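Written out below as structure tokens is the structure these notes cover.
The values are calculated or read from the model by the stated rules, or taken from the named source; none is laboratory data. None of the values given here were measured: they were computed from a predicted structure. Here the Cβ is made from the backbone with ideal geometry for all residues, glycine too, and neighbour counts use every protein chain on show. Heads up: the accessible areas ignore ligands, DNA and RNA and are worked out on the full protein's heavy atoms, side chains in. Shrake-Rupley method; radii C 1.70, N 1.55, O 1.52, S 1.80 Å.
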Amino acid sequence: MTSADDAHDDLLGRLLAESGGAGGPGNDPAHAGHAHSDPLRPTADHSVRPALPEDAEALGDIHARTLRATLTAAVGELDPAVGASIDAAALGAAWRGAITTPPSPRHRVLTACAGAQVVGFAAFAPAETAVEVEAGPGDDDEGHPAGAPSPGPARAVAEILALEVPAAHARRGHGSRLLAACVDLLREQGATRVQAWAVQDDESRTRFLSQAGFAPAGVRRTLDVAGTPVTEICWYAEL
């Protein structure tokens, strides 16, 4: 697992470096055409672009599938009633609203495509509650990583609200492209830190965040899912 010190690495630089050659799971050659100056430029048949209203149905379907998988990782066998309550149409309607009437210009939804097919999406916004990072080895006297800006009124902390790629399209670089595009756009907005919540037992998401340069912030929260407690861990990275 990545230590808090590792979060100082240039997150986007790491993503781009990992995508630049052949070999490991992060080295998908399809990443190589991603330009730092243009995070939404298509790469061959793989691209990331701003979400459109007509994407909403596909986003709802993707979200329903990934949400079921995440909850299964958290609680084991998912109660059929809980699985049935995850309504792709309702989720799609919610994402349509997020796309067409976002609360602010800083709320963004991005879509990953393979050709014309929608295969994943991400959403980010200013963090409603900026998590204080727990002190660790190498942190300063106030509990923040050495060399990192301390939180304050001028500090812009963003939160990735969703980053969803279903298993059928996993390991093809879509998640890394989505995250790299989010980071580029957040930097343009002036964000200096990004945070994301992941279910404690969702090993796939935890591994993805760790390999992308995120570190655990030392903060967790517990959600009630049909009477079953689900623990989420906050991860963060400096931008």
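Points to keep in mind about this one:
- Distance from the Cα centroid of the stretch 85-133 to that of the stretch 194-239 is 18 Å (rounded to whole angstrom).
- Extending 7 Å from Cα along the Cβ direction at ALA114 and again at ALA89 yields two label points whose distance is 2.8 nm.
- Surface analysis of the stretch 168-239 yields an accessible area of 40 Å² per residue, using protein heavy atoms and a 1.4 Å probe.
- Maximal additional length on extending the ARG171-ARG106 stretch stands at 20.5 nm, based on 0.36 nm per residue less the C-alpha distance.
- Residues in the stretch 90-102 carry Karplus couplings, in order, of 5, 5, x, 5, 5, 5, 4, x, 5, 6, 8, 9, x Hz; the curve used is 6.51 cos²θ - 1.76 cosθ + 1.60 with θ = phi - 60°, and Gly or Pro positions show x.
- Derived scalar couplings ³J(HN,Hα) [the stretch 62-75; Karplus, 6.51 cos²θ - 1.76 cosθ + 1.60; whole Hz; x for Gly, Pro]: 4, 5, 4, 5, 6, 5, 4, 5, 5, 5, 4, 4, 7, 10
- Rounded to whole Hz, the Karplus (6.51, -1.76, 1.60) HN-Hα couplings of the stretch 50-56, x for glycine and proline: x, 5, 10, x, 6, 7, 4
- Three-way shape label, the stretch 156-205, alpha-carbon gyration tensor, a/c 1.5: oblate
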